[in-house]
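One structure is given here, and the rest of the page talks about it.
The values are calculated or read from the model by the stated rules, or taken from the named source; none is laboratory data. Fair warning: this is a prediction, and the values are worked out from it, not measured in the lab. In this analysis, Cβ positions are derived from the backbone assuming ideal geometry, glycine residues included, and neighbour counts consider all displayed protein chains.
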Amino acid sequence: MAPALAVATAMAAAARILLPRRPDSGSWWANAAINSIVGLGVSAAGLWYFGVDGKMATYAALVVAVASAQWTSSRAWRG
């Protein structure tokens with residue numbers, strides 16, 4: 001759980017700096033919660049698929065999924 005929560009929190013914090021601010025992008029806490037849920041889901045799926053925790057493929061999928069969730073929830077495609 002720790003890698004998923006760390007990536008989710010870091011992504012939500014970095015989005016405030018890197019992505020353009022939109023009034024409808026939601027609060028920092030909401031973005032961090034959405035990212036955490038997505039990250040935990042990807043970590044659980046990686047554990048189920050590989051049978052062990054800590055595979056690099058799972059971590060790569062974690063980063064891509066959380067980044068996609070952050071991009072979607074902050075509505076960055078409109079900016």
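A32: modelled with pLDDT of 85 or more, crowded, with 16+ Cβ neighbours inside 10 Å and not charged (D, E, K, R), yes or no? Considered against the rule, which asks whether it is modelled with pLDDT of 85 or more, crowded, with 16+ Cβ neighbours inside 10 Å and not charged (D, E, K, R), A32 comes out as yes.
If you check V64, V52 for being out of contact with any Pro (no Cβ under 9 Å at 6 or more places or on another chain) and part of a loop (DSSP other than H, G, I, E, B), only one passes: V52.
Restricting attention to the stretch 53-67 and to residues that are without any contact (Cβ under 8 Å) to a residue 24 or more places away in the chain and touching a helix residue (DSSP H, G or I) at 6+ places or on another chain (Cβ under 9 Å), the residue that is surrounded by the most Cβ atoms within 10 Å (Cβ to Cβ) turns out to be T58.
A search for C-beta distances below 6 Å between a residue of the stretch 4-18 that is more than 13 Å from S73 (Cα to Cα) and any residue that is polar (S, T, N, Q) and buried (at least 22 other Cβ atoms within 10 Å of the Cβ), counting only pairs 6+ apart in sequence or on different chains, returns A4/S43.
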